[in-house]
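None of the figures in this text is laboratory data; all of them are computed from the coordinates on show. Computed from a predicted structure; not experimentally measured. Here Cβ is always computed from backbone atoms with ideal geometry, including for glycine, and neighbour counts include all displayed protein chains.
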Amino acid sequence: MKLTTIRFSGHAVRQMFQRRISVEDVQAVIDHGEIVVSYSDDHPFPSHLLLGLVGGRHIHLVLGVDETTATGIVVTAYHPDPELWSPDFRTRRTE
């Protein structure tokens, strides 16, 4: 995905600080990660759950995409919990 601008929601900034995920980590996931799930009906913009491996740590990133302005909006970023996700962190476990 080709983005010219990245913005961060207030929630994302708080979560990144709390979880020690840097802006550079987020950029690496956007640049080199993979889309695990797409949420085409999200509003105000479609979003994607991305998975990346940065510094030996898996990171999930929810990224809204405004295609008209090529802007990515980071909604949240976190380290996926192995108890909630499959071993490859691509599929959420079911109870």
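Okay, here's what the table says:
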{"read-out": "Among residues of segment 1-10, those that are exposed (fewer than 14 other Cβ atoms within 10 Å of the Cβ) and part of a strand (DSSP E or B), counted", "value": "2"}
{"read-out": "Options 36, 26, 13; residue that is outside any strand (DSSP E or B) and in contact with a Leu (Cβ under 8 Å, 6 or more places away or on another chain)", "value": "26"}
